[in-house]
Structure formats: structure tokens, C-alpha cells
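Have a look at the structure below before the remarks.
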Amino acid sequence: MSNPLYDNLFGKYIGAKTSFIETSDGRIITHGGFVAMAARLANVFKSMGLKKGDRLAIQVEKSVTALCIYAACVQSGIVFLPLNTGYTANEIEYFIKDSGSKLLVCDDEKLSEISLKLQDIEIELLTLNENETGSIVELAKEQKNIFQTVEANENDLAAFLYTSGTTGRSKGAMLTQNNLLSNAKTLVDYWQFNNKDTLLHALPIFHTHGLFVAINVCLISGSKIILVPRFNLDELINNIPKATVLMGVPTFYTRLLSNDSFNNKLCEKMRLFISGSAPLLAETHIDFEKRTGHKILERYGMTETNMSTSNPYEAERRAGTVGFPLPGIEVKITDPKTENELPRGEIGNLEVRGPNVFVGYWNMPEKTKEELREDGFFITGDLGLMDEDGYVQIIGRDKDLIISGGFNIYPKELELLLDEQEGVIESAVIGVPHPDFGETPLGILVREKSAEPKIDKIEKIIKSQLARYKHPKRFIVIDELPRNTMGKVQKNLLRDQYRDTFL
Ligand code: AMP
């Protein structure tokens, strides 16, 4: 009986005594112990009547048992649906209704609020807490630690990941076994993971980065994991000497650099620092190399496509780029109007095709048709370009493109210039409504603690370097940009906040 994802990730470890996860409270979980717990959970789900293809939603803090639930779903052919821990009961109601989930696992703390919200829906509720307690753990204790793996093929659905929904309604991206498996195998080779590696894991596990990239890659390669609950500077600095790889979002790296005790001595065993999910400033890349001798490897991916491009392991890791299309994956830059492929160096829609690309949005055939072409290319919604050497650069989301008086303005071009200015840590440029131009750029600057940006000087520099239609009509200085848990700047919130600036 075969189930490719289970066999490649988990099945091969049945009975294995090798250590897999070290938790921050000092527990060691063996590979064999992990898959045995997964089997107990799979028996729980079976006893509740869940079958292949059913959806199981979970909104829980990071724990080993939460990862075992993922494994149990794969073994049972159940579609795994992890939800951001930040979602409110209202949002949860939408996801449950939309996905038709049969079971929801949540924290004990949230149970009463959620069950009230879901009282009219036919769904089972179980609990799991960060400290590995909860009703699901109690039920698992009564079950056998072996489970007859449910047969599946590579086109069967393995997971639904809802998009972060910074624009419009959140959509359920349907990911197959092969989407996940092919990508994990490719990344193991490309990043040279092996069973001598130890990954320091500080990302959330409800997102493609911390879940599929990190966990699947480690399981395929036999790497160990140090699992810390969330990003905490001290905890990271304490654990880095034991690790060989760190996967992070850019804020991990800027925060590490903000601490003087983070230095090359701490990184003696490290072989690789990976960054993704949001743009890494070229400046961070350079500062990090100066401090540690390591060049951060930046890669690019998204919920719908898993990972699509990566800087190379051996060859040049180019700051400000996300590297080359991964083996077996095609990336092209197309003209938004004609849909024809553009020459190198020109900005256009970034499209991706390959075994990594999802099969569509759940219950949204129209949306799927708009974004997933018949020939298999997915229109990512990102604007990008490919430089002369084939390195891909991400220019931003197409929805962030500003059209002012009919001219296209790419916020990234302005942001790169603004970030360099004295007194500015970073910046965000957004389009806001304007009575004459339709839309106009607004420059939002994050001040350095010790120095206020000099707006007159910045305006002069902008004038000397960029065409007039691109000049922000106003600058606003703030202390911090709003970011989601994956480190992405939430431009939608900024647009809402400053919508009336020129009206
Ligand atoms: P998500 O689906 O939440 O993983 O978000 C995916 C989006 O994050 C992509 O479409 C990009 O806009 C952005 N993103 C991911 N990795 C990078 C990167 N290395 N540089 C710039 N943007 C990135």
C-alpha cells in the first residue's frame, strides 16, 4: 500500500531510535517516537469517523504534537489545514465554513469562544495546548501506536493553506502530495541538507515556510531540529552554537544584528542562513556578512507555489535578488498587457510553472482560472525581473503598484533610495487617492532612534535622481512599520490609515 508523502517523510522512521527534535525545555523526541505518536493520532481521527479527503483544521501554538497531527493527517489521507494563531473566532468561523472541516483542534483557552461561534456547524472540537496537553493528547493515549497507512497517490490533496489575505478574501490553496514532496526533495539537494545538519527552528508552523519548507526538508534528509516556540533573541543566540542551519524571515536577521553578542564565534558550526517570505534588504545581507562571514541565502516562494527560486549554494549569492528558478521549475516575466515574455531586465508579472504549483483555490473556480493559466503557469501577483545573469528580483506585489496620472510607479525603486537616507531605517511607499492624479505616492519613513530624517534633504535627493511623476507628494515619519508574523509589511493597513491624506 503506498502513500508517497507518508512513505518519504515519516514511514521510513517507524521504530527508528535516532533523535529528531530537541525542544527548548530539553525534551528529545526520536523519529520513531514521533511517528508512533502520529499513528496514535491517526487512530483517534479514524475513531471519530474522519476519512480520506476530509479536512482537519488546527489553530494551535507550536508544539511537537501539532507536527504529529500533520503527520497523522498525511498517514490518514486527511487534508491538513493549519491556521494562523492570530485569527479571531470570527475569522475561524469563515475558514471552517469555507473548508467544510470535520474537526478543529484549538487551544483550551480559545475553546469556549470558538465553540460558541461554531455552534450551528457540524464539527468536532478537540484541544491542544502549547505545553502538549489537551483533549487530543488524552484520546491519543488510549490508542495503538501503529496505524494502517491509507493509500494515496501523488495527486491526492495533502493540505489547504489559506493565503494571508492582505488583499481581499483569504483563499484556500489546495496542495497535493507531489507539490510538497517534489519541492522538499529539490530543496534538500539544492541546499545540501544531510543527516549531520541541525536546523534551528523559530518560525511559526502554520505557514509554508516553517511547516513545509523546514519540516519536510529535515524529514527527507534526516536532519535534526531544535524547536523553539517563537523568535526570541536570547533563545536564538543561545541555540545558534548547536545548529548548522537557520531558516528565518528578514526580521530575524536584523534583530540578530541589533545584538552585539551575536558574532562569528557563535556561528562556528553554522553552514547556512536562509531568508525568505519578505524582502531582505541588501544592506542586511552585507552587514551580516561583515559580522559573521556568512552570506545569507535568499529564496522566494509563496503559499500557492512552495519555493520557486533560490540563490545558489555554491555560486554567488547576490544581495537584493532571490536567485535562480529551482531545478524543474520555470519562471518567466511577462508583459501585463500582452502576456508575452519580456526580455531580461524588464519588469513584469512573475509567473511560475512546475510540480511545486498548487492545483487551485478551494471552491473558487473563477479565481483559480484568473490566476492559473491552462498551460500551467501561475500568475503569482508579484512583479519581478530577471537580470542579465538570470538572477530574479522581486519588485513587489502588483497590487502595490502605483498608477499616478497614468504612469506606473514601482514603490521598490523609491524605497531603495529612501532606505539609504540619513536618519531612515527603512521605508514603505504606498499609493493613496489624489484628486488630480487618481493616485499618488506617499513616502512613509521609519526614523532611526537617534536621528530624525531631514525631509528637505531627502526631497532634494529624490528630485535629483528620479522623474518628477515618481516624487512622493508627502513624507510621514513613524517609529515602526506594521508587519505580520512572517515579517511582511502590511501595506494594506498603511493604505487604510493614510487614505485621506490628499482628499
Ligand atoms: P506567502 O504566501 O504568505 O508565503 O507570501 C508570499 C509572498 O511573499 C510572495 O508572493 C512575495 O510577495 C513575498 N515574498 C516571499 N519571499 C520573498 C523574498 N525573498 N523577497 C521578496 N518577497 C518575498
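The values are calculated or read from the model by the stated rules, or taken from the named source; none is laboratory data. Since this is a predicted model, take the numbers as computed values, not measurements. Note: ideal-geometry Cβ built from the backbone for every residue, glycine included; neighbour counts use all protein chains shown. Note: areas computed on protein heavy atoms with side chains; ligands, DNA, RNA excluded. Shrake-Rupley method; radii C 1.70, N 1.55, O 1.52, S 1.80 Å.
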field: Stretchable slack from ILE14 to GLU413, in nm (0.36 nm times residue separation minus alpha-carbon distance)
entry: 138.4 nm
message: What figure, in Å² to the nearest 10, do you get for the accessible area of ARG318 with a 1.4 Å probe and non-protein molecules left out?
response: 60
- prompt: Roughly what % antiparallel, to the nearest 5, for the DSSP beta bridges in the chain?
  reply: 60
message: Defining a contact as two alpha carbons under 8 Å apart and six or more residues distant in sequence, what relative contact order in percent does the chain show?
response: 10
- request: Take the alpha-carbon centre of the range 179-234, take the same for the range 15-38, and report the distance between them in whole Å.
  value: 15
- line: From most to least accessible, 1.4 Å probe, no ligand or DNA/RNA atoms counted, SER258, SER135, SER101 line up as SER258, SER135, SER101
task: Send over a whole-number figure in Å² for the accessible area per residue of the range 4-153, probe 1.4 Å.
output: 42
query: If Lys and Arg each add +1 and Asp and Glu each add -1, what is the summed charge of the other residues whose beta carbon sits under 14 Å from the beta carbon of ASP54?
result: +2
field: Cα-based Rg / Dmax (Å) for the chain
entry: 23.2, 72
message: For a quick check of your reading of the filter: which GluC sites (Glu not before Pro) in the range 303-352 sit in a DSSP loop and have no more than 16 other Cβ atoms within 10 Å?
response: GLU314, GLU316, GLU339, GLU346
- request: Just the number, please: carbon plus sulfur as a percent of the accessible area of the range 401-498, 1.4 Å probe, no ligands or DNA/RNA counted.
  value: 49
field: FRET efficiency estimate (nearest 0.05) - Cβ-Cβ, ASP436 to ASN340, R0 41 angstrom
entry: 0.80
statement: Judged on accessible area alone, 1.4 Å probe, highest first, SER24, SER99 line up as SER24, SER99
Most positive-pole-ward Cα, LEU442, ILE458, VAL432, against dipole of the range 428-471 from beta carbon charges: ILE458
message: Can you classify the range 118-202 as rounded, prolate or oblate using the Cα gyration tensor, where a ≥ b ≥ c are the square roots of its eigenvalues, rounded means a/c under 1.5, and otherwise it's prolate if a/b beats b/c and oblate if not?
response: oblate
- request: Quick one: go through the range 416-446 and flag any residue whose amide nitrogen is under 17 Å from the point 7 Å out along the Cα-to-Cβ line of LYS473.
  value: 429-444
query: Between MET1 and THR30, what FRET efficiency comes out of the Förster formula 1/(1 + (r/R0)^6) with R0 = 35 Å and r the beta carbon distance, rounded to 0.05?
result: 0.90
- prompt: Over the range 401-498, what is the percentage of antiparallel beta bridges among all DSSP beta bridges, to the nearest 5?
  reply: 75
Accessible heavy-atom area order of ILE478, ILE215, highest first, probe of 1.4 Å: ILE478, ILE215
task: Based on a Kirkwood Rh over C-alpha pairs, give the Stokes-Einstein translational diffusion coefficient of the range 401-498 at 10 °C and viscosity 1.306 mPa s in µm²/s.
output: 116
message: Suppose R0 equals 22 Å. What FRET efficiency, 1/(1 + (r/R0)^6) with r the Cβ-Cβ distance, do LEU493 and LEU125 give to the nearest 0.05?
response: 0.10
query: Summing +1 for each Lys or Arg and -1 for each Asp or Glu, what net charge is found among the other residues whose Cβ lies under 15 Å from the Cβ of GLU388?
result: -2
message: Give me the percent relative contact order of the range 4-153, please, defined on Cα pairs under 8 angstrom at least 6 residues apart.
response: 27
task: Extending each Cα 7 Å along its Cβ direction at ARG255 and ALA315, get the distance between those two points in nm, one decimal.
output: 3.4
- prompt: What whole number of Å gives the distance from the Cα centroid of the range 351-383 to the Cα centroid of the range 437-474?
  reply: 36
- prompt: Relative to the longest principal axis of the chain, what angle (0 to 90°, nearest 10) does the C-alpha long axis of helix 455-465 take?
  reply: 80
- line: Which residues qualify? For GLY301, with a placed amide H closer than 5 Å and at least 5 residues away or on another chain, they are SER277, SER308
- request: Please label the shape of the range 27-92 as rounded, prolate or oblate, based on the square roots a ≥ b ≥ c of the eigenvalues of the alpha-carbon gyration tensor (a/c under 1.5 means rounded; beyond that, a/b larger than b/c means prolate, else oblate).
  value: oblate
- line: Computed over the range 227-309, protein heavy atoms only, probe 1.4 angstrom, the accessible area per residue in square angstrom equals 38
query: What does the charge count near THR127 come to, summing +1 for each Lys or Arg and -1 for each Asp or Glu among other residues with Cβ under 10 Å from its Cβ?
result: -3
query: What distance in nm separates the simple spin-label points at ASP375 and ARG447, each placed 7 Å from Cα in the Cβ direction?
result: 5.2
task: Go through the range 327-341 residue by residue and turn each phi into a ³J(HN,Hα) via Karplus (6.51, -1.76, 1.60, θ = phi - 60°); whole Hz please, and just put x for glycine and proline.
output: x, x, 10, 9, 10, 9, 10, 10, 6, x, 8, 8, 6, 7, 5
query: By how many nm would the segment from ASP500 to LEU233 grow when fully extended, if each residue of separation counts as 0.36 nm and the alpha-carbon distance is taken off?
result: 92.3 nm
Gain in span if fully extended, ASN145 to ALA282, counting 0.36 nm per residue against the direct Cα distance: 44.4 nm
- prompt: Share of antiparallel DSSP beta bridges in the range 1-149, in percent to the nearest 5?
  reply: 20
statement: Given a 1.4 Å probe, the accessible area of the range 362-503 per residue, as a whole number of Å², is 53
- request: Quick one: angle between helix 31-47 and the longest Cα principal axis of the chain, in degrees between 0 and 90, rounded to 10, please.
  value: 80
- prompt: Amide H of PHE20: which non-local residues (sequence gap of 5 or more, or other chain) have their own amide H closer than 5 Å, using H built in the peptide plane?
  reply: ILE29, THR30, HIS31
- prompt: How big is the accessible area of GLU22 in square angstrom, nearest 10, if you roll a 1.4 angstrom probe over the protein chains?
  reply: 60
query: GluC sites (Glu not before Pro), restricted to the range 376-417: which are DSSP loop and have at most 16 other Cβ atoms within 10 Å?
result: GLU388
- prompt: Given the protein chains as shown and a 1.4 Å probe, how many square angstrom of SER76 are accessible, to the nearest 10?
  reply: 10
Rg(Cα)/(2.2 N^0.38 Å) for the range 4-163, N = residue count: 1.00
